Amino acid sequence: MAGVIDEDDRAAAMRWFLLLNEEPVAAEDRAAFARWLAGGEGRVAAYARAEEVWDRFGAVQPAWQRMQARRRVSRRAVLTGGVALMAGAAASQLVAPGRLLADETTGTGERRRLVLADGSRVELGGRSALSTRLDGSRRLVTLEAGEAWFRPTADPRPFVLRTGQGLITATAATTTGAGAFDVKRRGGVTIAAALEGGLRLHPAAGAPVDLAAGHRSAFDARAAGEPRPCRAQEVLAWRRDRIVFEDETLAAVVEDLERYRPGRIVPVGARVAGLKVTAVFDLTRPDRALDILAETLDLRIRRLAGLALITRAG
């Protein structure tokens with residue numbers, strides 16, 4: 001990995017690093033990154049360098065956070081020139097991840113319990129971010145990234161959760177406050193589980209769907225999937241350092257594991273990414289989870305600086 005890094009690869013690596021740290025990351029973006037990375041060892045070195053540069057300039061985060069009071073700046077704006085960014089070794093400043101614009105964030109493998117201003121309880125999973133806006137008419141909470149469990153308190157104002165795909169209204173939260181639910185953002189999809197009390201899902205460009213207690217559904221901006229029964233102990237296993245997958249694709253599994261392991265995990269190729277997984281993993285040992293996946297699915301894990309590549313063993 002040593003040697004001179006091509007300037008085009010250096011710039012491309014920084015763009016990929018920024019994009020892959022956006023929440024959520026589209027499946028097609030992950031696939032395109034895997035194809036780019038497979039273009040040579042120089043690109044692997046360039047990506048590792050991008051991560052080192054990012055970490056070096058963590059000291060600029062307070063200045064970036066002060067920008068919240070003036071405007072929101074997305075990483076997409078960074079990539080299209082909305083914020084000046086130098087990717088070379090002589091860079092003088094670098095913006096922090098977009099999720100740091102949120103009111104509350106967690107780091108890799110971190111969980112945090114919160115009590116909102118209205119008394120509602122929240123627990124954030126790893127690499128998650130939350131923003132809140134409580135006014136006289138409603139309680140609006142935005143899950144910017146990751147996963148969170150919610151128990152809204154009784155209040156005449158509706159409790160509404162926003163994600164990149166639409167809105168979720170806790171139908172029991174305005175009266176008894178007896179509702180509890182879990183929401184996870186993964187790729188371009190929101191997965192909502194009604195655990196106590198019901199939910200109403202409002203895809204941004206689709207018809208609303210009611211979700212009864214004990215059911216979950218995944219939705220994108222256009223429509224919600226058919227509600228399916230779920231068990232609270234499995235949905236909330238992450239709150240006990242476990243994570244449960246049932247017939248999930250490997251791409252979905254590694255996206256969840258990434259929130260509990262430093263760096264990125266990239267399945268190389270559509271066939272690898274589409275492999276189905278049913279398993280229970282210990283979130284305190286995410287690298288062991290990768291080893292188990294490799295053993296059971298006949299895969300190879302190649303660990304690099306800040307990156308784990310998953311390929312066929314052959």
Going 7 Å from the Cα of GLU246 in the Cα-to-Cβ direction, what parts of region 177-207 have a backbone nitrogen less than 12 Å from that spot? none
Ignoring ligands and nucleic acids, ARG302 exposes an accessible area, probe 1.4 Å, in Å² to the nearest 10, of 80
Give the long-range amide H neighbours of ARG127: residues separated by 5 or more places, or on another chain, with amide H under 5 Å away, using H modelled in the peptide plane at 1.01 Å from N. THR106, GLY107, THR108, GLY109, GLU110
Counting only C-alpha contacts under 8 Å and six or more residues apart, can you give the relative contact order of region 107-264 as a whole percent? 16
Where does region 126-260 land on the Kirkwood hydrodynamic radius, alpha-carbon pairs, in angstrom? 14.9
Once phi is turned into θ = phi - 60°, what whole-Hz ³J(HN,Hα) does the Karplus curve with 6.51, -1.76 and 1.60 give for every residue of region 191-197, x standing for Gly and Pro? 10, 10, 10, 8, 9, 9, x
Considering region 235-314, what Rg and Dmax in Å follow from its alpha-carbon atoms? 11.7, 37
Probe 1.4 Å, protein heavy atoms only - accessible area per residue of region 155-247 in square angstrom: 45
Sorted on mean Cβ neighbours within 10 Å (highest first), peptides 274-285, 144-155 come out as 144-155, 274-285
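The values are calculated or read from the model by the stated rules, or taken from the named source; none is laboratory data. No experiment lies behind these values; they were computed from the predicted model shown. Don't worry about glycine lacking a Cβ; one is built from the backbone with ideal geometry, like all the others, and counts go over all protein chains shown. For the accessible areas, the whole protein counts, side chains as well, though only heavy atoms, and no ligand, DNA or RNA atoms are used. Shrake-Rupley method; radii C 1.70, N 1.55, O 1.52, S 1.80 Å.
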